[in-house]
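A.B. asks: Starting off with a structure, shown below.
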Amino acid sequence: MSRKYKNIKTVVDEHAFDSITEANRYGELKLLLKAGEIGSLVVHPKFSLDVNGVHICTYTADFQYNKGKKTIVEDVKSPATVTYSFKLKQKLMKALHGIDVKIVMR
């Protein structure tokens, strides 16, 4: 598989990340979890995007966690990886699940 965006795949705690930046964000979130700032950290949560009973696609985010009573869904991006496909999935997440996907820019 070619590295379209010149990222370097990295494994941390048995999780495979698409980039060093994503792996670093995981490290930051683990520290926040340990400090009690966030809770319920999930790596690569999957969301089904279905419209009128038709499965359109599955969106896999980078991270999901709770901060206070709010659930946060994050995706680590560079300007090159904020693609049309990602923007469409981001809009579907809002429309179908009421979730604003937070972009963490690198």
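A.B. asks: Name the residues in region 34-61 that are under 14 Å from M93 (Cα atoms) and in a loop (DSSP other than H, G, I, E, B), would you?
C.D. replies: Let us first name the residues in region 34-61 that are under 14 Å from M93 (Cα atoms), namely 45-51, 55-61.
Listed by number, the residues that qualify are P45, A61.
Here is a yes/no grid of residues against (1) open to solvent by 50 Å² or more (accessible area, probe 1.4 Å); (2) touching an Asp or Glu at 6+ places or on another chain (Cβ under 7 Å):
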position	(1), (2)
V54	yes, no
F63	no, yes
G68	yes, no
D75	no, yes
T81	no, no
Y84	yes, no
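A.B. asks: Taking the conditions exactly as written (of a type outside the set (S, T, Y), touching a residue at least 60 places away in the same chain (Cβ under 8 Å), within 22 Å of N7 (Cα to Cα) and open to solvent by less than 70 Å² (accessible area, probe 1.4 Å)), does V104 satisfy them or not? Outline the logic, then answer.
C.D. replies: Working: of a type outside the set (S, T, Y): yes; touching a residue at least 60 places away in the same chain (Cβ under 8 Å): yes; within 22 Å of N7 (Cα to Cα): yes; open to solvent by less than 70 Å² (accessible area, probe 1.4 Å): yes.
When the stated conditions are applied, V104 passes them.
A.B. asks: Consider region 1-52. How many of its residues are open to solvent by less than 60 Å² (accessible area, probe 1.4 Å), touching an Asp or Glu at 6+ places or on another chain (Cβ under 9 Å) and either modelled with pLDDT under 90 or among the polar types (S, T, N, Q) (or both)?
C.D. replies: So the answer is 2.
A.B. asks: Moving to a separate point now. Going by the conditions given, is Y59 modelled with pLDDT under 95 and in contact with a helix residue (DSSP H, G or I) (Cβ under 6 Å, 6 or more places away or on another chain)?
C.D. replies: Numbers: modelled with pLDDT under 95: no; in contact with a helix residue (DSSP H, G or I) (Cβ under 6 Å, 6 or more places away or on another chain): yes.
For Y59, the condition - modelled with pLDDT under 95 and in contact with a helix residue (DSSP H, G or I) (Cβ under 6 Å, 6 or more places away or on another chain) - is not met.
The values are calculated or read from the model by the stated rules, or taken from the named source; none is laboratory data. The structure displayed is predicted, hence computed values, not measured ones. All Cβ positions, glycine included, derive from the backbone under ideal geometry; neighbour counts span all protein chains shown. Just the protein is used for accessible areas: all its heavy atoms, side chains included, with ligands, DNA and RNA removed. Shrake-Rupley method; radii C 1.70, N 1.55, O 1.52, S 1.80 Å.
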